[in-house]
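Participant: This is the structure I have questions about; it appears just below.
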């Protein structure tokens, strides 16, 4: 009783039904060459995830259904059983899996548990399925689940194992990356496997989609919850595993706790015959290694940049190089993602720019092997000052003049983007985005904010990590050591307006990522007035974040669709 | 059997629990002076609507519960029964109504039907209530519903009338304005009233909250579905009505269709005694007139601007005056909302600006009585051209140079905002926002986009209407007649790149507001290639809209949180 399963960890694209079907067919070919009997693709692999409001359009739903039918028709000669995610559209609209065999859609399983929190809005789009499903493939009984279905103990898995006698559970997922998530998934699925003494095949999406990046890391656990097979992280992969079910089935039958639950839960059974020809010789599967959190985060950022740029039809990117740590890290990530020939660094010195900054920026550019341009902003700055002279009269210089400079830089980068078709990358970090220490339409200008979800203290850690990804360090040592500054007036440093980043980030992490109340944060040793002033800055910069470029979610609470706060808001926590 | 009911149509503010309670108490005073026996406030009147992710914070939930308790304590000496909306937070989190009498919270009703479409995300925040509630106030039986509860026939109203013998239904709402909505509400509620032969008291929120504007228009229908009382639109109001229930009760008992439904639906009954002392002389209620759709739209925009500016702590606004219809309309609306002393118009002529444009802008400013400033952009434009000369070499001028000018203007407006604390208003219309005919960080720069949801053809209609709101027309005749142009190069007009606005808007309305497929639009008489090219422009400018300022929803499908599309999107409808 052996079944050879393929996990088709693909990078599907939202709305690209034709491309996705073609990709799936290429995986089918490769799987067939390897005698795979059951080939599983991620959640909504046909139309990409998340399709958002495209699902509200009739023509989109129809195009997605036609794509599944076309996929089925293209596999009439295939013995293997295919499982693909699509939007089922009949009496209602469902997040579903189609089970395809020899050119026919043999069954459709509809997701039962719909996530509607964080970045997820599935109640907006889908009706709930209410029918657990077990495939009886030549005697092997396979239960279906989709993503969130397996995250709650009350999901369909129980009915499938107890009511439907499933000996194996499939989960197709589109689970976005965040720090630590790959481990959490394996732990949770491991417990579910042990609960019912069944192996679980977990196939995840890979690839960047706007704010989200899916990390792949598909895996298989045996009936004891042990990971016996794991796909690569942050790239496409076809993972093949031979699952031996005898031992698992016996273990399930002998599991005494299982008998405490009544075996009457309703479950649909669909028979598929003639799919399994036992493979002649067994193969050894792969268990790709797990990495440290920070390594994963870096991989996530690289893949997110690559996919955002490529999927949106761009070749090259441009960003301002200030000689500071944020733009240095962003440029390095872009270079790792796209290659040095596709990254343009622009130095835009002003009267306040230090020689060190210019040297560091040029050194970075040289180390990365990217083209750098130097475009001084002095002439434009002077022109603005003269233009506004009469109206500003004798009023003292203030943030107005600082923002002017930042916006001149934004304008120059956008002009380069317009003229040469380069996508502008935004180098702002999460600490700045949190407290609004950034200029709207200035340093915030651009199409994609790479490190928007990385606190400043982590920026340094990532920069260190990045340096080790090149033959020799690319970010100059001095960049790590000099005090952070926007260089928008003489002698400026970030710490004039902000507490030290170690303190700021700790407070922000508790307040934003963990929703902690002020009392809790104060109890951690921070001054109440300081905490309140930080929280006030966060609230008062909501309007800036609303107009910020999208960036990559890597934390448990990213700015963007995961954090939806009103701009007009009179609430101040006490 | 008469009950005097007050509808407290207040403008509550999100997160402003103290302010909201104070306001409610002022209404309680006024209602008491008028011998009101039951005083009803809108949905979530304690914490404002929609509180969005504030509801995910423990301290917010607690502050909101404390506010209800404080409100109760402040009314221990009051005979009237109060109904206020708040977030109930016990075993779970609910969108709820507190029924308060003589200082005690006598009952809590929890919303049963949660909207999770369009601009609504209530499944993200709230658990569903499952207990219909009828108050027995000295023998008068009053059923409770919250907003969406009454929009579905399966809501709690049925159980309250049939199971709970309710003779009167209360609905507390936060129903955002869109064109035609006030009439739709009254029709729907009228049918519900007739279905069960009970009067319905519908109390709606009023006021602007970011993208939403609540229009008020609270009303009461009798048991035949006829509107017998209506509050004002777009302003606060205390509407008082004496409801005679004898006839309604008899009509209900004699309604034969009611007897087709089993009267066993479960319903909680809460007794409140000593609240009703019959009023000595009856009062005549008001039925404020309904207006035409366009008048309502204008009122919506005016209130939205006023509330966004004031609730966010601004006094004055600034915007660029191009002499075109969009900025003329926006400036006029701002003047109606804030008064001429609080509106600053900035002319920013370039080498391409015509004398007519300057004259028209100045005439508008003079007619509105607002201060105008003239700040030529030539010097800054020249400086940018020189700064970029070496890099752009002999490349021909293109949209790059056009965008440069728009962004210089954006930079100037933001500088004025920074220096003087004026909020920048964005004058872009929905046609431009749809097809991306606008410059990111240029004419799109600013805090609030007043006419973002108004198609260009409607801009003209609204401009005509606005002209009639002033003693004499403020927008010069010529502005209506000259061809629209951005004046970013010699002889430019919008129609070089876009189809005529009558055609464009018709296509956009079908595609965006109504989700029509291409075949349908072609069938309406438009060329397929033209339709496809328009749709392509809509898709390709998603990235711009993602960074656009919030604006006022007045259509059935506004950009912003109502329309959530991926930027990375390979779907092109066929």
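The values are calculated or read from the model by the stated rules, or taken from the named source; none is laboratory data. None of these values were measured; they are calculated from a predicted model. Backbone-built Cβ (ideal geometry, glycine too); neighbour counts: all protein chains shown.
Participant: Look at residue A:425 and say whether it is more than 10 Å from chain B (Cβ to nearest Cβ) and either assigned to a helix (DSSP H, G or I) or modelled with pLDDT of 95 or more (or both).
Facilitator: Here the answer is yes, as residue A:425 does meet what is asked.
Participant: OK, next. Kindly provide the set of residues from the stretch A:71-104 that are under 29 Å from the mean Cα position of the chain (by Cα) and not in a strand (DSSP E or B), ordered by number.
Facilitator: Answer for the stretch A:71-104, where residues must be under 29 Å from the mean Cα position of the chain (by Cα) and not in a strand (DSSP E or B): A:71, A:92.
Participant: So, one more: Considering the stretch B:339-365 alone, what residues qualify as being assigned to a loop (DSSP other than H, G, I, E, B) and under 15 Å from residue B:413 (Cβ atoms)?
Facilitator: Passing the criteria: B:348, B:349, B:350.
Participant: Right, another one. What do you reckon, is residue B:362 modelled with pLDDT of 95 or more, farther than 30 Å from residue B:12 by Cα and out of contact with any helix residue (DSSP H, G or I) (no Cβ under 8 Å at 6 or more places or on another chain)?
Facilitator: Yes.
Participant: Being in contact (Cβ under 8 Å) with a residue 60 or more places away in the chain, closer than 23 Å to residue A:417 by Cα and crowded, with 19+ Cβ neighbours inside 10 Å narrows it down to one of B:558, B:549, so name that one.
Facilitator: B:549 is the lone residue from the list that is in contact (Cβ under 8 Å) with a residue 60 or more places away in the chain, closer than 23 Å to residue A:417 by Cα and crowded, with 19+ Cβ neighbours inside 10 Å.
Participant: Count, please, the residues in the stretch B:382-392 that happen to be exposed (fewer than 13 other Cβ atoms within 10 Å of the Cβ) and either within 8 Å of chain A (Cβ to nearest Cβ) or touching a residue at least 24 places away in the same chain (Cβ under 8 Å) (or both).
Facilitator: 1
Participant: A further question follows. When you look at residue B:172, is it surrounded by fewer than 21 Cβ atoms within 10 Å (Cβ to Cβ), assigned to a strand (DSSP E or B) and either on the phi < 0 side of the Ramachandran plot or touching a residue at least 60 places away in the same chain (Cβ under 8 Å) (or both), yes or no?
Facilitator: Taking the combined requirement at face value, the residue does not satisfy it.
Participant: Would you check which residues across the stretch A:112-138 are within 21 Å of residue A:200 (Cα to Cα) and touching a residue at least 60 places away in the same chain (Cβ under 8 Å) and list them?
Facilitator: Answer for the stretch A:112-138, where residues must be within 21 Å of residue A:200 (Cα to Cα) and touching a residue at least 60 places away in the same chain (Cβ under 8 Å): A:131, A:132, A:133, A:134, A:135, A:136, A:137, A:138.
Participant: Now, a different point. Could you tell me which numbered condition residue A:339 fails, if it satisfies all but one of (1) in contact (Cβ under 8 Å) with a residue 12 or more places away in the chain; (2) more than 10 Å from chain B (Cβ to nearest Cβ)?
Facilitator: With (1) in contact (Cβ under 8 Å) with a residue 12 or more places away in the chain; (2) more than 10 Å from chain B (Cβ to nearest Cβ) applied to residue A:339, the lone miss is (1).
Participant: Just to be sure, is residue B:462 assigned to a strand (DSSP E or B) and closer than 30 Å to residue B:535 by Cβ?
Facilitator: No.
Participant: Among the residues of the stretch B:175-192, which ones are in contact with a strand residue (DSSP E or B) (Cβ under 8 Å, 6 or more places away or on another chain), crowded, with 23+ Cβ neighbours inside 10 Å and away from chain A (no Cβ under 14 Å)?
Facilitator: B:175, B:177, B:189, B:192
Participant: Let me ask something else. Looking at (1) under 24 Å from residue B:144 (Cβ atoms); (2) buried (at least 20 other Cβ atoms within 10 Å of the Cβ); (3) outside the structural domain of residue B:24 (by TED's automatic domain parsing), which one does residue B:277 not meet, given that it meets all the others?
Facilitator: Here residue B:277 clears every test but (2).
Participant: For the structure I just gave you, tell me whether residue B:108 is within 12 Å of chain A (Cβ to nearest Cβ) and within 21 Å of residue B:10 (Cβ to Cβ).
Facilitator: Answer is no for this residue.
Yes/no per residue for (1) surrounded by 24 or more Cβ atoms within 10 Å (Cβ to Cβ); (2) within 11 Å of chain B (Cβ to nearest Cβ); (3) part of a helix (DSSP H, G or I); (4) modelled with pLDDT under 95:
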residue	(1), (2), (3), (4)
A:394	no, no, no, yes
A:400	no, yes, yes, no
A:405	yes, yes, yes, no
A:414	yes, yes, yes, no
A:418	no, yes, yes, no
A:443	yes, no, no, no
A:446	yes, yes, no, no
A:451	yes, no, no, no
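Participant: Let me ask something else. Going through A:493, A:485 one at a time, which residue ends up being crowded, with 19+ Cβ neighbours inside 10 Å and either in the same structural domain as residue A:356 (by TED's automatic domain parsing) or at pLDDT below 95 (or both)?
Facilitator: Selected residue: A:485, the only one of A:493, A:485 that is crowded, with 19+ Cβ neighbours inside 10 Å and either in the same structural domain as residue A:356 (by TED's automatic domain parsing) or at pLDDT below 95 (or both).
Participant: How many of the residues making up the stretch B:49-65 are farther than 22 Å from residue B:206 by Cα, at the interface with chain A (Cβ under 7 Å from one of its Cβ atoms) and surrounded by fewer than 20 Cβ atoms within 10 Å (Cβ to Cβ)?
Facilitator: Residues meeting the conditions: 4.
Participant: Step by step: first the residues of the stretch A:465-516, then only those that are free of Cβ contacts under 8 Å to residues at least 12 places away in the same chain and more than 25 Å from the chain's Cα centre (by Cα), then the one that is farthest from residue A:534 (Cα to Cα). Which residue is that?
Facilitator: Going through the qualifying residues, I end up with A:471.
Participant: Now for a separate question. Out of (1) modelled with pLDDT of 95 or more; (2) surrounded by fewer than 24 Cβ atoms within 10 Å (Cβ to Cβ), the odd one out for residue A:81 is which?
Facilitator: If we test residue A:81 against (1) modelled with pLDDT of 95 or more; (2) surrounded by fewer than 24 Cβ atoms within 10 Å (Cβ to Cβ), just (2) comes out false.
Participant: Filter the stretch B:369-381 down to residues that are part of a helix (DSSP H, G or I) and more than 7 Å from every other protein chain (Cβ to nearest Cβ) and give me whichever is surrounded by the most Cβ atoms within 10 Å (Cβ to Cβ).
Facilitator: Within the stretch B:369-381, the match that is surrounded by the most Cβ atoms within 10 Å (Cβ to Cβ) is B:381.
Participant: Also, I was wondering about something else. So which of B:213, B:200, B:220, B:206 ends up being touching a strand residue (DSSP E or B) at 6+ places or on another chain (Cβ under 6 Å), at pLDDT 95 or above and closer than 16 Å to residue B:299 by Cα?
Facilitator: That would be B:206, the only listed residue that is touching a strand residue (DSSP E or B) at 6+ places or on another chain (Cβ under 6 Å), at pLDDT 95 or above and closer than 16 Å to residue B:299 by Cα.
Participant: Quick check on my filter: what residues within the stretch A:525-574 are more than 10 Å from every other protein chain (Cβ to nearest Cβ) and in a loop (DSSP other than H, G, I, E, B)?
Facilitator: Residues satisfying the conditions are A:525, A:526, A:527, A:541, A:552, A:553, A:554, A:555, A:556, A:558, A:559.
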